[in-house]
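Just so you know, all these numbers are worked out from the coordinates, no wet-lab data involved. As the structure is a computational prediction, the values presented were derived from the model and not from experiment. Glycine also receives a Cβ, built like all others from the backbone with ideal geometry; neighbour counts cover every protein chain displayed.
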């Protein structure tokens, strides 16, 4: 599993109200909500972002309320990955639950610049700034979390049979 895209760079403490302002939460339609993604911190984000693009951010990305809408709108906008120095705990879990790839890597989050093209190998945790040719090492997710993300989220992963042993379904075995 990989991501590759242009980087949008944000500071420390980007909270969920910045990712998706609460004033728009009168709908559950992710596509409609995504039209307002990041608009309070970067009004041009939704016009400039392309599928696969990557967000690099500082400390405590996704702090604030526990709403699942924040990682959902990023994923719906096509964000391929968020790389941050650190994530708010509930955002981290919500991102995994909805299948948004995220990686913590202080050095990459600090050094990668706005507009750089970056690729991410989720199997190894290697982040490559294709603009500068510098590589960074993030801790890759364990296989079971990668499966959740690849499936599109926790609920979708639970609907898929586990074929990890001899191609046989493991569902329902004790």
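Given their separation in residues at 0.36 nm each and the Cα-Cα distance between them, residue 130 and residue 47 gain 27.6 nm when the chain is fully extended.
Here the contact order of the range 2-159, divided by its residue count and restricted to Cα pairs under 8 Å and six or more residues apart, works out to 24 percent.
On full extension, the segment bounded by residue 117 and residue 158 gains 11.4 nm, given 0.36 nm per residue less the C-alpha separation. Fewest-first ordering of 72, 155 by other beta carbons within 10 Å of each residue's beta carbon gives 155, 72. Within the range 83-103, list the residues whose amide N lies under 20 Å from a label point set 7 Å along Cα→Cβ of residue 150. Backbone N within reach: 95-103.
The separation of the range 88-146 from the range 4-69, counted between C-alpha centres, amounts to 16 Å. When peptides 136-144, 53-61 are sorted by average Cβ neighbour count within 10 Å, with the highest value leading, the order is 53-61, 136-144.
Set the Förster radius R0 to 30 Å, insert the Cβ-Cβ distance between residue 24 and residue 107 as r into 1/(1 + (r/R0)^6), and round the FRET efficiency to 0.05. Working shown, then result.
Details: r = 34 Å, r/R0 = 1.14.
The pair residue 24/residue 107 has a calculated efficiency of 0.30.
With n ≥ 4 as the cut-off for DSSP H runs, can you work out [θ] at 222 nm for the chain, using -39500 (n - 2.57) per run divided by the number of residues, rounded to the nearest 500? Numbers along the way, then the final one.
Details: 8 runs with 53 residues, N = 174.
Value at 222 nm, helices only: -7500 deg cm²/dmol.
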